[in-house]
Amino acid sequence: MSQPRLSRAVVLLMAVATGISVANLYYSQPLLDLISGDLGISTASAGALVTMTQIGYALGLLFVLPLGDLLERRGLILALSLACVGALILTATAQNAPWLFAASIVLGLLTVVAQVLVPLAATLAEPREQGTVVGIVMSGLLLGILLARTVAGLLAEVGGWRSVYWVAAVAMLVVTLALWRGLPVSRPTQRSTYGALMLSIGHFIRTEPVLRRRMVYGALTFFQFSVLWTALTGLLAGAPYRYSEGVIGLFGLIGVAGALAAQLAGRYADRGRAVHLTVIFTGLLIASWLALALGKVSLAALVIGIVVLDAGVQGMQVTNQTQIYAISREGRARVNAAYMTSYFAGGAIGSLVSTRVAAAGGWVAVCWLGAAVAVAQLMFVVIGERSRPRADQTNPLRTA
């Protein structure tokens, strides 16, 4: 029995669903002051809300995402999406910090549904269109990440922080219904126990050099993304810009241009240009930090740097994922779990390091940090791609 073909309408539905789902991770970031005032807790305590959501997401990547190989994926996606609605309602009705933190962990864990959708799109796509489809779905994910803060800020100004989560719950419910009607059934690829499934992730990491390389590239890439967006608020709030929170939130719209890079990367990856794309997007990351360093005194340079960095990050992400999905058609959820765990770890470390570097050396030091990591990434790419087996070099989109 063959897998059902994927129509363009379903691809767009999956892109929208991915964006709306992943946005759940980022709504809280511009709302911390409002939450602390409403619940009577300190701003520092409210800041732990972001950490709780991230912890939940990390748990989801490790322990829920691999189920995409073991269970029927349409049913898994619908169950996670519907549960997300419940978690958003729990968040919106939270009456104290422990309640809010617990709901945030659950919400982060369930938001992994976005990462179940991406490998499913790759599986349902025709082989010659796999990169293009992944690029479209990843564009939706990028838009969800970038627009979540802006939407949350605007909604909170009108109806308070709770309105953000009520609207998000309605959006997730609508998406769940649309997925129920439009998403085709996709049979599981594995018949094993959950324990054996989890152990096989380590097997993929040990035996697949493509996966190991792409895990490193992804971690370094998202490290840089997190360094920028963690430190950017401090730059824009201080001299010479002194922008309000509302204006700062609008900067997320600038990065939407990166969605174009995601689609471009997908198309060219389908043509076997993955190695070239890897070098190009790493070069964009290096160039972006040079422009961002000038952003201390030049708004134009800052905007250019943000656009170039987001294009590099999203292009690299799509290129990485088209490569890892080619490793094993039956194990895409598990290789994605390994890759995304590394990717997320890089971002978490980037946020932590960025905060400390910004406090110690300011914006210019942050840019030096980003540039150093980008150059290190280029070195890893050059060394890693030269060490590939010859068969891998002639067919970088091999299937296992």
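The values are calculated or read from the model by the stated rules, or taken from the named source; none is laboratory data. No experiment lies behind these values; they were computed from the predicted model shown. As a convention, Cβ positions derive from the backbone with ideal geometry for all residues, glycine included, and neighbour counts pool all protein chains shown. We work out accessible area using only protein heavy atoms, side chains counted, and drop any ligands, DNA or RNA first. Shrake-Rupley method; radii C 1.70, N 1.55, O 1.52, S 1.80 Å.
Whether any residue in segment 340-347 is open to solvent by 30 Å² or more (accessible area, probe 1.4 Å) and either in a loop (DSSP other than H, G, I, E, B) or within 20 Å of G234 (Cβ to Cβ) (or both) is what I want to check.
No, segment 340-347 has no match at all.
In segment 86-109, how many residues are outside any loop (DSSP other than H, G, I, E, B) and either open to solvent by 10 Å² or more (accessible area, probe 1.4 Å) or of a type in the set (G, A, S) (or both)?
Residues of segment 86-109 outside any loop (DSSP other than H, G, I, E, B): 86-92, 97-109.
Imposing the further condition that a residue be either open to solvent by 10 Å² or more (accessible area, probe 1.4 Å) or of a type in the set (G, A, S) (or both) reduces the set to 86-87, 89-90, 92, 97-99, 101-106, 108-109.
Looking only at that region, the number is 16.
Quick grid of which residues meet (1) open to solvent by less than 10 Å² (accessible area, probe 1.4 Å); (2) within 18 Å of the chain's Cα centre (by Cα); (3) of a type outside the set (V, I, T):
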position	(1), (2), (3)
L199	no, no, yes
F204	no, no, yes
L211	yes, yes, yes
F222	no, yes, yes
R242	no, no, yes
V247	no, no, no
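For segment 301-310, which residues satisfy the criterion of being open to solvent by less than 20 Å² (accessible area, probe 1.4 Å) and among the hydrophobic types (A, V, I, L, M, F, W, C)?
Here is the first cut: in segment 301-310, the residues open to solvent by less than 20 Å² (accessible area, probe 1.4 Å) are 301-302, 305-306, 309-310.
Those that are open to solvent by less than 20 Å² (accessible area, probe 1.4 Å) and among the hydrophobic types (A, V, I, L, M, F, W, C): A301, L302, I306, L309.
Determine whether segment 314-327 contains at least one residue that is modelled with pLDDT under 90, in contact with a helix residue (DSSP H, G or I) (Cβ under 7 Å, 6 or more places away or on another chain), open to solvent by 20 Å² or more (accessible area, probe 1.4 Å) and in a helix (DSSP H, G or I). No, there is no match, as no residue in segment 314-327 is modelled with pLDDT under 90, in contact with a helix residue (DSSP H, G or I) (Cβ under 7 Å, 6 or more places away or on another chain), open to solvent by 20 Å² or more (accessible area, probe 1.4 Å) and in a helix (DSSP H, G or I). Checked against the criteria, A103 counts as touching a Leu at 6+ places or on another chain (Cβ under 6 Å) and of a type in the set (A, V, I, L, M).
For (1) closer than 21 Å to S81 by Cβ; (2) open to solvent by 10 Å² or more (accessible area, probe 1.4 Å); (3) touching a strand residue (DSSP E or B) at 6+ places or on another chain (Cβ under 8 Å); (4) without any contact (Cβ under 8 Å) to a residue 12 or more places away in the chain, each residue gets a yes or a no:
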residue	(1), (2), (3), (4)
P119	yes, no, no, no
V134	yes, no, no, no
L142	yes, no, no, no
L147	yes, yes, no, no
G153	no, yes, no, no
G159	no, yes, no, yes
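Checked against (1) open to solvent by less than 10 Å² (accessible area, probe 1.4 Å); (2) under 23 Å from the mean Cα position of the chain (by Cα), L59 passes all but condition (1). Taken residue by residue, segment 288-300 has at least one member that is open to solvent by 40 Å² or more (accessible area, probe 1.4 Å) and of a type in the set (V, I, T). Within segment 32-56, the set of residues being hydrophobic (A, V, I, L, M, F, W, C) and either surrounded by fewer than 21 Cβ atoms within 10 Å (Cβ to Cβ) or under 19 Å from I145 (Cβ atoms) (or both) comprises L32, L34, L39, I41, A44, A48, L49, V50, M52, I55.
Of the residues making up segment 161-181, those that are open to solvent by less than 30 Å² (accessible area, probe 1.4 Å) and either over 23 Å from L253 (Cα atoms) or charged (D, E, K, R) (or both) are T176, L179. L277 meets all of the listed conditions (1) touching a Phe, Trp or Tyr at 6+ places or on another chain (Cβ under 8 Å); (2) modelled with pLDDT of 90 or more but one, namely (2).
I77 passes every criterion in (1) surrounded by fewer than 18 Cβ atoms within 10 Å (Cβ to Cβ); (2) under 18 Å from the mean Cα position of the chain (by Cα); (3) among the hydrophobic types (A, V, I, L, M, F, W, C) apart from (1).
Beta carbons closer than 9 Å, at least 6 apart along the sequence or on distinct chains, pair a first residue in segment 358-370 that is more than 14 Å from A239 (Cβ to Cβ) and touching a residue at least 12 places away in the same chain (Cβ under 8 Å) with a second that is open to solvent by less than 40 Å² (accessible area, probe 1.4 Å) and polar (S, T, N, Q) for V366/S354; L369/Q224; L369/S354; G370/Q224; G370/S288; G370/S354.
Among all positions in segment 259-266, there is no residue which is over 18 Å from L292 (Cβ atoms), in a helix (DSSP H, G or I) and at pLDDT 85 or above.
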